[in-house]
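One structure below.
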Amino acid sequence: MGNDIYVKYTAFKQDELLKKIRMSISEKRFKHSLAVQKTAVLLAKRFDCNLEKASIAGLVHDYAKERSDEEMIRIIYENNLDETIIAFGNNIWHGVAGAILIKKELGIIDAKILQAVTVHTTGSSNMSLLDKIIYVADFIEPNRNFPGVSKARKLAKVNLDKVVKYEIKRTLLRLLENEAKIYPKTMDTYNKYVAGVNQLST
Ligand code: GDP
Ligand code: FE
Ligand code: FE
């Protein structure tokens, strides 16, 4: 994959896009973003997903993570996003508002990429292959180092749904231990991929 995919999916050439992202987030998060990009491409090859979309989505998934609370709240109001997310803080905002920002500032309009960025933190009850790949790549990229990451990496060699299941369960357990606010979409992901609830869509 060369320069072409950047021009195809964004308003910038590769070097311009990388510069823009690097200026928006810390060095550490920039490295994480590049690692998620690489990991997402590996997973896309393994599970037969669009490599180009996996690459771009992985690279930009945390683009909004270091914006001020003021800016994020303004984005939520201005774009008529669900106001109930305001109570949950930036960990929940940065995916949803991130999709708005990467469209506006990076010129990304592909619906699959925007959705994968939107749900990358919480997952959802109805994840596409690309959604799962970004959700999992974010969890297992080589810089990640937590108890259980090697198990997640092993599962990711074989079965993507098993990693989604492992990841949401572990995330929820940690959030409960910390008495954190559980965003309903996080519960939806748990109900679907761990507890086996098949939600009927209306
Ligand atoms: P990162 O942006 O690369 O650090 O990773 P993520 O976007 O996946 O997650 C950001 C943080 O949000 C992590 O610490 C997750 O555990 C946390 N998180 C995921 N779901 C929820 C939730 O429902 N509520 C809260 N409070 N945090 C969550
Ligand atoms: Fe994130
Ligand atoms: Fe991330």
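No lab work stands behind these numbers, since they all come straight from the coordinates. Computed from a predicted structure; not experimentally measured. Virtual Cβ from ideal backbone geometry, glycine too; neighbours counted across all protein chains shown.
Name the residues in region 133-148 that are within 13 Å of ligand 1 (Cβ to nearest atom) and part of a helix (DSSP H, G or I), would you?
Those that are within 13 Å of ligand 1 (Cβ to nearest atom) and part of a helix (DSSP H, G or I): Ile134, Tyr135, Val136, Ala137, Asp138, Phe139, Ile140.
Could you tell me which of the residues Ala35, Ala64 is surrounded by fewer than 20 Cβ atoms within 10 Å (Cβ to Cβ), of a type in the set (Gly, Ala, Ser), within 13 Å of ligand 1 (Cβ to nearest atom) and within 16 Å of the chain's Cα centre (by Cα)?
Exactly one residue qualifies, and that residue is Ala35.
Considering every residue within region 95-104, establish whether at least one is of a type outside the set (A, V, I, L, M, F, W, C), more than 13 Å from ligand 1 (Cβ to nearest atom), farther than 23 Å from Ala195 by Cβ and out of contact with any Phe, Trp or Tyr (no Cβ under 6 Å at 6 or more places or on another chain).
Within region 95-104, one or more residues are of a type outside the set (A, V, I, L, M, F, W, C), more than 13 Å from ligand 1 (Cβ to nearest atom), farther than 23 Å from Ala195 by Cβ and out of contact with any Phe, Trp or Tyr (no Cβ under 6 Å at 6 or more places or on another chain).
Only one of these conditions is not met by Thr39: (1) closer than 30 Å to Val158 by Cβ; (2) more than 16 Å from ligand 2 (Cβ to nearest atom); (3) in contact (Cβ under 8 Å) with a residue 60 or more places away in the chain. Which number is it?
Looking at each condition in turn, Thr39 falls short on (2).
Quick check, is Asn50 surrounded by fewer than 21 Cβ atoms within 10 Å (Cβ to Cβ) and under 14 Å from Ile134 (Cα atoms)?
Considered against the rule, which asks whether it is surrounded by fewer than 21 Cβ atoms within 10 Å (Cβ to Cβ) and under 14 Å from Ile134 (Cα atoms), Asn50 comes out as yes.
Looking for something of a type in the set (A, V, I, L, M) and within 15 Å of ligand 2 (Cβ to nearest atom) - is there at least one such residue anywhere in region 161-179?
yes
So Ile86 clears everything in (1) in contact (Cβ under 8 Å) with a residue 24 or more places away in the chain; (2) surrounded by fewer than 19 Cβ atoms within 10 Å (Cβ to Cβ); (3) closer than 22 Å to Thr186 by Cα except one condition, right? Which one?
Just one mismatch for Ile86, condition (1).
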